[in-house]
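Here the structure is laid out as structure tokens; the discussion comes afterwards.
The values are calculated or read from the model by the stated rules, or taken from the named source; none is laboratory data. All values reported here derive from a predicted model rather than from experimental measurement. Here the Cβ positions follow ideal geometry from the backbone for every residue, glycine too, while neighbour counts run over all protein chains shown.
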Amino acid sequence: MVLDDIRDDVGPDGASQGPEPDGDDGSGDGESGDPIPDYASKYQPEDPESKYDDPAEELPSIPEPPSPDPEEIPDGLRLSFWWLVLVFNGALLALWLGVLFVAFEGNLDLGGRLLFAGSVLFVYGYYKYRTNPYR
């Protein structure tokens with residue numbers, strides 16, 4: 001009865017036969033019972049850049065800046081620049097470590113010394129920057 005109806009829907013290989021095909025050729029034109037018509041072929045989006053001219057032709061040409069030759073830089077300037085970089089990096093490191101030791105460890109002795117050393121390094125770096133003859 002019900003079991004016989006189920007066996008009729010199943011084919012010899014065990015796969016479901018399903019309903020009979022309705023003759024749809026898969027074209028997607030909506031005329032053969034396809035519920036979703038193919039609008040993509042009818043309405044192509046307009047290229048938004050097509051209404052503008054080529055911007056490369058309208059912009060002025062800007063010359064490339066000259067690259068500095070490493071041999072044009074005086075040795076004293078190069079040495080003083082890297083010395084000041086080291087001094088200010090050391091000052092920042094000492095200051096922030098001092099703040100961290102005081103705030104999180106409660107170590108006022110070590111934190112205070114680091115804060116003082118960082119402050120002295122900042123003052124020294126500022127003085128060397130202002131009195132630099134290559135400036």
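Data table
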| item | result |
| --- | --- |
| Some residue of the stretch 99-106 being part of a helix (DSSP H, G or I), surrounded by 13 or more Cβ atoms within 10 Å (Cβ to Cβ) and over 37 Å from the mean Cα position of the chain (by Cα) | no |
| Only one of Pro45, Pro63 that is assigned to a loop (DSSP other than H, G, I, E, B) and at pLDDT 85 or above | Pro63 |
| Selection within the stretch 115-127 - over 16 Å from Gly98 (Cβ atoms) and surrounded by 14 or more Cβ atoms within 10 Å (Cβ to Cβ) | Tyr124, Gly125, Tyr126 |
| Asp69 being over 30 Å from Phe116 (Cβ atoms), at pLDDT 70 or above and loosely packed, with under 12 Cβ neighbours inside 10 Å | yes |
| Unmet requirement for Gly28, which otherwise passes all of (1) of a type in the set (Gly, Ala, Ser); (2) surrounded by 13 or more Cβ atoms within 10 Å (Cβ to Cβ); (3) at pLDDT below 85; (4) touching a Gly at 6+ places or on another chain (Cβ under 9 Å) | (4) |
